[in-house]
Amino acid sequence: MSGITLVIEDEAWRAHRGLQKRLKEAAAAAARGARLRGGITILLADDARLHALNHDFRGKDKPTNVLSFPSGADGYHGDIAIAHGVTAAEARASGKRFADHAVHLTVHGVLHLGGHDHERPGDAKVMEGLEVRILKRLGIADPYAVPAP
């Protein structure tokens, strides 16, 4: 593993004590799970930045939680970008801790860099299963489990 680089563009990310270390650990765990050996950059941004990236690269005129940009370069796997506001809103709506949801999005984004996808049901089952196993090792509950009534 050549390394995980964090780029903090939105200062709101700095308000979460210990989060940077957890995100690097999550990215490294996901890289191992996807059998990636090479660099990864994580952009911690605001919703406006993710909105612009989502528009420019996916043609979707709205912010999103996480985007992945595989590099194709030897020794460098690519970049992921995560939106603070969307992440916070999703965490609140699902009753999850912000840090746990941010870790999940990091794992999810890195698995995309490794070629995993969730567009077809069979692919989603494989990717989500890998996410759940990685998150469990990181001490985070299954994000896909249906909460008890």
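Within region 1-60, list the trypsin sites (Lys or Arg not before Pro) lying in a DSSP loop whose Cβ has at most 14 other Cβ atoms in a 10 Å radius. Don't skip to the answer; put the middle values down first.
Working: sites: R14, R17, K21, R22, K24, R32, R35, R37, R49, R58, K60; in loops: R17, R35, R37, K60.
Sites meeting the loop and neighbour criteria: R17, R35, R37, K60.
Calculate the tail of P(r) for region 60-119: the fraction of all Cα-Cα distances greater than 15 Å, expressed in %.
Values: 931 of 1770 pairs.
Counting every Cα pair in region 60-119, those more than 15 Å apart make up 53 percent.
Which residue, chosen from I4, T41, L113, occupies the Cα position most advanced towards the positive end of the dipole of region 1-143, where the dipole is computed from +1 (Lys, Arg) and -1 (Asp, Glu) charges on Cβ about the Cα centre?
Ranked along the dipole, the leading option is I4.
With both bridge residues required to lie in the chain, what share of the DSSP beta bridges run antiparallel, to the nearest 5%? Intermediate results must be reported in sequence, preceding the final value.
Details: 6 of 19 bridges.
Roughly 30 percent of the DSSP beta bridges within the chain come out antiparallel.
For a quick check of your reading of the filter: which GluC sites (Glu not before Pro) in region 62-148 sit in a DSSP loop and have no more than 15 other Cβ atoms within 10 Å?
Numbers: sites: E90, E119, E128, E131; in loops: E119.
Answer in residue order: E119.
Would you list the P(r) distribution for region 10-96, with all Cα-Cα distances sorted into 5 Å bins from 0 and each bin expressed as a whole %?
In order of increasing distance, the bins hold 3, 13, 20, 23, 20, 16, 5, 1 percent.
Given charges of +1 on the Cβ of Lys and Arg and -1 on the Cβ of Asp and Glu, with all other atoms neutral, how large is the dipole of the chain about its Cα centre, in debye to the nearest 20? It would help to have the intermediate numbers written out before the result.
Details: 20 positive and 18 negative charges, 122 e Å.
Its charge dipole is roughly 580 debye.
Relative contact order of the chain: what whole-number percent is it, with Cα pairs under 8 angstrom and at least 6 residues apart? Provide the component values of the computation, followed by the final result.
Numbers: 242 pairs, mean separation 34.6, N = 149.
23 percent.
Counting Lys +1, Arg +1, Asp -1, Glu -1, what net charge surrounds D142 among other residues with beta carbon under 15 Å of its beta carbon? Intermediate values should be presented prior to the final figure.
On the way: positive: K96, R97, K125, R133, K136, R137; negative: D100, E128, E131.
Around D142, the charge tally is +3.
Using only the Cα atoms, work out Rg/Rh for the chain, with Rh taken as the Kirkwood radius, to two decimals. Walk me through the numbers before you get to the answer.
Values: Rg = 14.4 Å, Rh = 15.4 Å.
That ratio equals 0.94.
Between A12 and D74, what length comes free when the chain is fully extended (0.36 nm per residue of separation minus the Cα-Cα distance, one decimal in nm)? Before the final figure, lay out the partial values.
Numbers: separation 62, 0.36 × 62 = 22.32 nm, distance 3.29 nm.
Extra length from A12 to D74 when fully extended: 19.0 nm.
Since every read-out is calculated from the coordinates, none of them should be taken as a lab result. All figures in this text were calculated on a predicted structure; none of them were measured in a lab. Methodologically, a virtual Cβ is constructed for each residue, glycine included, from the backbone with ideal geometry; neighbour enumeration extends over all protein chains shown.
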